[in-house]
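Everything on this sheet refers to the single structure shown next.
The values are calculated or read from the model by the stated rules, or taken from the named source; none is laboratory data. These numbers come from a predicted model, not from an experiment. In this analysis, Cβ positions are derived from the backbone assuming ideal geometry, glycine residues included, and neighbour counts consider all displayed protein chains. The accessibility values were calculated without ligands, DNA or RNA, using every heavy atom of the protein model including side chains. Shrake-Rupley method; radii C 1.70, N 1.55, O 1.52, S 1.80 Å.
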Amino acid sequence: MSSAHSNVTIRDARPTDADAAASIAVEAWRPIYIGYRQALGDEIFARLGDMEAQKREQVRRFITSTPADAIVAEVDGRVVGFGTLLMERKDGAVVGELGNNAVDAKYAGRGIGKMMAEASIAKLKARGATLLKVATGCDDAHAPARRLYEKLGFQRSLQQVTYYMTV
Ligand SMILES: CC(C)(COP(=O)(O)OP(=O)(O)OC[C@H]1O[C@@H](n2cnc3c(N)ncnc32)[C@H](O)[C@@H]1OP(=O)(O)O)[C@@H](O)C(=O)NCCC(=O)NCCS
């Protein structure tokens, strides 16, 4: 699958995209983790381990092992964004999920995140999804993601809170 808009190409990921996507993820999640640290405090945040390294490894491993379940955005042959997909069969429903996704901040606000999400949704529908979902944060750093998902048509949501204490 591949689609192009001006000089942006959205295509299926390849294992060789894994490191570029992982680096984009680390940069994109940095403001999110700064917010987590402020919210949780240094001690709890430290006990969560090296979240940047965990995100890098999660994205790198996913794209290396299941590239068909990920897409990338390219500008002039350079990977500037990525998105991962998940499918789950549950009591007859086929739930398609948008997983990790991010755009290089230098290319933000150009519609690339939206193009990738639309391509991901098309792919999940083609695979038989009857319900789509995406999980995101309620913090300030996730505001662009929430706006994007709501604009795409994700209108119904459940909110959750995760509590921590040191023991
Ligand atoms: C979410 C993300 C992928 C969007 O990528 P993007 O290419 O900048 O987004 P687009 O240009 O396609 O914008 C799509 C919509 O997102 C919203 N949006 C984008 N940037 C925004 C910002 N800085 N503030 C508020 N809303 C924003 C807008 O609603 C926009 O639609 P509009 O321009 O028609 O109003 C990007 O902001 C990102 O990488 N964020 C950090 C990682 C992250 O949160 N990933 C999702 C995890 S669940």
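Just a few scattered comments:
- Inter-label distance, nm, simple model (7 Å from Cα along the C-beta direction), GLU52/THR166: 2.2 nm
- Longest stretch of the chain clear of exposed loop sites (chymotrypsin sites (Phe, Trp or Tyr not before Pro), DSSP loop, at most 16 other Cβ atoms within 10 Å, sites excluded): 1-162.
- Springs join every pair of Cα atoms under 10 Å in this Gaussian network model of the chain, and among SER120, SER157, SER65 the largest mean-square fluctuation is at SER157.
- The residues of the chain expose, per residue, 62 Å² of accessible area to a 1.4 Å probe.
- Of all beta bridges that DSSP places with both ends in the chain, some 85 percent have antiparallel geometry.
- Charge dipole of the range 125-167 about the Cα centre (unit charges at C-beta), most positive-ward option of THR136, THR166, LEU152: LEU152
- The charge dipole of the range 1-118, taken about its Cα centre with unit charges on the Cβ atoms of Lys, Arg (+1), Asp and Glu (-1) only, comes to about 100 debye.
- Carbon + sulfur, % of accessible area of the range 29-100 - ligands and nucleic acids excluded, 1.4 Å: 50 percent
- The share of Cα pairs per 10 Å bin across the range 35-130, counted from zero up to the longest distance, runs 14, 35, 31, 18, 1 percent.
- Distant alpha-carbon pairs in the chain (separation over 20 angstrom), percent: 54 percent
- Cβ charges +1 (Lys, Arg) and -1 (Asp, Glu), total dipole of the range 77-167, debye: 340 debye
- Choice from GLY92, GLY111, GLY49 with maximal GNM fluctuation in the chain (Cα, 10 Å cutoff): GLY92
- Cα-centred dipole magnitude for the range 1-56, charges only on beta-carbon of K, R (+1) and D, E (-1), debye, nearest 20: 120 debye
- Based on C-alpha pairs under 8 angstrom that are at least 6 apart in sequence, the range 49-136 has a relative contact order of 26 percent.
- Relative contact order (%) - the chain, alpha-carbon pairs under 8 angstrom, separation at least six: 23 percent
- Estimated vicinal HN-Hα couplings, Hz - the range 133-148 in sequence order (Karplus 6.51, -1.76, 1.60; Gly, Pro = x): 9, 8, 9, 8, x, 9, 7, 4, 5, 9, 4, x, 5, 4, 4, 4
- Listed values for the range 79-87 are Karplus-derived 3J(HN,Hα) couplings in whole Hz (6.51 cos²θ - 1.76 cosθ + 1.60, θ = phi - 60°), namely 6, 10, x, 8, x, 10, 10, 9, 10, and x replaces Gly and Pro.
- In the chain, a dipole from Cβ-located charges (positive for Lys and Arg, negative for Asp and Glu) runs towards its positive end, and of LEU48, TYR33, THR16 it is THR16 whose Cα lies farthest in that direction.
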